[in-house]
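Trainee: Let me begin by handing over the structure; questions about it come next.
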Amino acid sequence: MLSIFLLVGFKHATKKEMQLEQLERKSIIGDFDGDKKADTLFEIHTSGEKDSIITEIPFIDDYDKTVDYYFKNSIRTSLKSSNKKIKELDLGTSFGVYCLINIGDNNNDKKDEIALVIDYCDFSNLNSCKIYSLCNNNWKMINHFSIHEAAFEYSEGEKLDPNIIGDYLQKKDGKWFYADALEVLQSDDTIIKMKPLKIKKCNKL
């Protein structure tokens, strides 16, 4: 979640007076293309028609104004690999990603899959976890399920586990399990029941 800070006199501030916020840059390591070599996949932010890479934005004291700023400046999030042969994954206009998880090779295709949740510039707490795999050198979404963004909220002094998504994506005994937020909302059960995460191979989609 993008942190919102107070900016005094934003419209009239000079560059020296303007307070800036550093944009987060999550990263993971894995063998995403099956070449038995570890690569780093990292988050980048770009702005404008020329997609200039940015690392900071002005502090803004209002969520609505922050959303407006992102769209007006065409600020987008992408995932880029240290391996130049792997194409970037464009995630569109967003504050970034809530999480970026290497979930390993779950479909026995010798490549690691990734799970991520995009921090959209919107006004809804209902979101989705997207599972991607590298298929013929292009990232392809091979599974997805609903989550609630409350999974990323925490109190002062607490720390989120970056390798799970609260009650929605967890690893147990070497296998991944998930719960769909929409199914949970429609159920009368008070306990969230998780199901095995099944992922198809690229050639089975």
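Trainee: Out of (1) modelled with pLDDT of 95 or more; (2) within 21 Å of S47 (Cβ to Cβ); (3) open to solvent by 10 Å² or more (accessible area, probe 1.4 Å), the odd one out for G96 is which?
Mentor: For G96, the exception is condition (3).
Trainee: Here is a further query. Please specify each residue of the range 56-92 satisfying the condition of being hydroxyl-bearing (S, T, Y) and either within 29 Å of D39 (Cβ to Cβ) or assigned to a loop (DSSP other than H, G, I, E, B) (or both). Walk me through it before giving the result.
Mentor: Looking only at the range 56-92, we keep the residues that are hydroxyl-bearing (S, T, Y), and these are 63, 66, 69-70, 74, 77-78, 81-82.
Within the range 56-92, Y70, S74, T77, S78, S81, S82 meet the criteria.
Trainee: In addition: Please go through the range 101-124 and give me each residue that is within 24 Å of T66 (Cβ to Cβ), outside any strand (DSSP E or B) and in contact with a strand residue (DSSP E or B) (Cβ under 7 Å, 6 or more places away or on another chain), ordered by number.
Mentor: Narrowing the range 101-124 to residues within 24 Å of T66 (Cβ to Cβ): 116-124.
From what is left, the residues that are outside any strand (DSSP E or B) are 121-124.
Within the range 101-124, C121 is the sole residue that qualifies.
Trainee: Oh, and also: Condition first: closer than 19 Å to K204 by Cα and open to solvent by 30 Å² or more (accessible area, probe 1.4 Å). Now tell me which residues in the range 99-110 satisfy that.
Mentor: Passing the criteria: D105, N106, N108, D109, K110.
Trainee: On to the next question. Restricting to the range 43-59, what's the tally of residues that are open to solvent by 70 Å² or more (accessible area, probe 1.4 Å) and touching a residue at least 40 places away in the same chain (Cβ under 8 Å)?
Mentor: Restricting attention to the range 43-59, the residues satisfying the condition of being open to solvent by 70 Å² or more (accessible area, probe 1.4 Å) are 49-51, 53, 55-56.
Checking the rest, the ones that are also touching a residue at least 40 places away in the same chain (Cβ under 8 Å) come to none.
Selection size over the range 43-59: 0.
Trainee: What is the one condition in (1) surrounded by 18 or more Cβ atoms within 10 Å (Cβ to Cβ); (2) without any contact (Cβ under 8 Å) to a residue 60 or more places away in the chain; (3) acidic (D, E) that D62 does not satisfy?
Mentor: (1)
Trainee: Which members of the range 28-52 meet the condition of being part of a loop (DSSP other than H, G, I, E, B) and either in contact with a Ser or Thr (Cβ under 6 Å, 6 or more places away or on another chain) or farther than 25 Å from K110 by Cβ (or both)? Break it down into steps so the answer makes sense when it comes.
Mentor: Filtering the range 28-52 down to residues part of a loop (DSSP other than H, G, I, E, B) leaves 31-38, 48-51.
Selection gives G48, E49, K50, D51.
Trainee: Can you pull out the residues in the range 154-183 that are within 15 Å of C129 (Cα to Cα) and among the hydrophobic types (A, V, I, L, M, F, W, C)?
Mentor: Of everything in the range 154-183, those that are within 15 Å of C129 (Cα to Cα) and among the hydrophobic types (A, V, I, L, M, F, W, C) turn out to be I164, I165, L169, W176, F177, A179, A181, L182.
Trainee: What strands (runs of 3 or more DSSP E), lying completely within the range 125-205, carry at least 3 residues that are within 27 Å of K80 (Cβ to Cβ), open to solvent by less than 70 Å² (accessible area, probe 1.4 Å) and among the hydroxyl-bearing types (S, T, Y)? Show your work before the answer.
Mentor: On the way: elements: 126-135, 138-148, 169-172, 175-178.
In the range 125-205, 126-135 are the strands (runs of 3 or more DSSP E) which contain 3 or more residues that are within 27 Å of K80 (Cβ to Cβ), open to solvent by less than 70 Å² (accessible area, probe 1.4 Å) and among the hydroxyl-bearing types (S, T, Y).
Trainee: Checking the structure you have, find out if any residue of the range 12-31 is modelled with pLDDT under 50, of a type in the set (A, V, I, L, M, F, W, C) and open to solvent by less than 100 Å² (accessible area, probe 1.4 Å). Full working, then the answer.
Mentor: We begin by selecting, within the range 12-31, every residue modelled with pLDDT under 50; these are 12-16.
Among the residues that remain, those that are also of a type in the set (A, V, I, L, M, F, W, C) are: 13.
Among the residues that remain, those that are also open to solvent by less than 100 Å² (accessible area, probe 1.4 Å) are: 13.
Yes, that holds for at least one residue.
Trainee: Moving to a separate point now. Collect the residues in the range 165-180 that are of a type in the set (A, V, I, L, M) and touching a helix residue (DSSP H, G or I) at 6+ places or on another chain (Cβ under 9 Å), keeping them in residue-number order.
Mentor: Our first condition is that a residue be of a type in the set (A, V, I, L, M); within the range 165-180, this holds for 165, 169, 179.
Within the range 165-180, I165, L169 qualify.
The values are calculated or read from the model by the stated rules, or taken from the named source; none is laboratory data. Values in this document were obtained by computation on a predicted structure and should not be read as measured data. Please note: Cβ atoms are built from the backbone with ideal geometry, for glycine as well, and neighbour counts cover all protein chains shown. For the accessible areas, the whole protein counts, side chains as well, though only heavy atoms, and no ligand, DNA or RNA atoms are used. Shrake-Rupley method; radii C 1.70, N 1.55, O 1.52, S 1.80 Å.
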